[in-house]
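**Student:** Here it is: the structure, laid out below.
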Amino acid sequence: MSTLRLPYATLSTDAYQGFVATKKALEKSRLGKALIELVYLRVSQINGCAFCLEMHANALRKDGMPDHKIDSLAGWRVSSRYSARERAALAWTESVVAIDQTHAPDDDFDPLRDHFSDAEIADLTFAIALMSAFNRLAIGMRQ
């Protein structure tokens, strides 16, 4: 792995602590830790953040998610291992991460309503945005 370009967490302490505060707030979400970590892992797969991939895969394994489910995440669309709720969250995750291409269409948003409250949809979207930001920091600064 490359050498850290800048210690961004200590150089921009207040901004970084804002991210940490958001992460802690999301840990209290009704989404549940497993779904949030699954979303974090999928965001990190899409963005190619090796540091975050290891961290979130390890967190899921530690909390008891089966290896086969973690290992098949990149192919979730053709796997039978994911619930309808997880599928809705993962489709939204991919849509928001690639927002420059998708523009977050109703086809990806509307299925969320069958599985999540409005507050949960907001939390899910914050989780996607937060992990995208963390990925960009880690990749850009070579963490």
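The values are calculated or read from the model by the stated rules, or taken from the named source; none is laboratory data. Given the structure is predicted, the values throughout are model-derived calculations rather than measurements. Glycine also receives a Cβ, built like all others from the backbone with ideal geometry; neighbour counts cover every protein chain displayed. Just so you know, the surface numbers come from the protein's heavy atoms only, side chains and all, with ligands and any DNA or RNA stripped out. Shrake-Rupley method; radii C 1.70, N 1.55, O 1.52, S 1.80 Å.
**Student:** Can you give the Rg to Rh ratio for segment 60-139, taking only C-alpha atoms and Rh from Kirkwood?
**Tutor:** 0.97
**Student:** Still on this structure, please answer the following. Give me the one-decimal Kirkwood hydrodynamic radius in Å for segment 1-72, with the sum taken over alpha-carbon pairs.
**Tutor:** By the Kirkwood definition, the hydrodynamic radius is 13.7 Å.
**Student:** First select every other residue whose beta carbon is under 10 angstrom from the beta carbon of TRP76; then total the charges, Lys and Arg +1, Asp and Glu -1.
**Tutor:** Result for the local shell: +3.
**Student:** Now a separate question. Using a probe of 1.4 angstrom, how much of the accessible area of the chain is carbon and sulfur, in percent?
**Tutor:** Result for the chain: 55 percent of the exposed heavy-atom area is carbon or sulfur.
**Student:** Classify segment 95-139 as rounded, prolate or oblate, taking a ≥ b ≥ c as the square roots of the eigenvalues of its Cα gyration tensor: rounded when a/c is under 1.5, otherwise prolate if a/b is larger than b/c and oblate if not.
**Tutor:** oblate
**Student:** Could you state the accessible area per residue of segment 40-143 in Å², with a 1.4 Å probe and every protein chain left in place?
**Tutor:** Counting only protein heavy atoms, the per-residue value for segment 40-143 is 50 Å².
**Student:** Using only the Cα atoms of the chain, what semi-axes does the equivalent ellipsoid have when each is the square root of 5 times a gyration tensor eigenvalue? Give whole Å, largest first.
**Tutor:** 25, 18, 15
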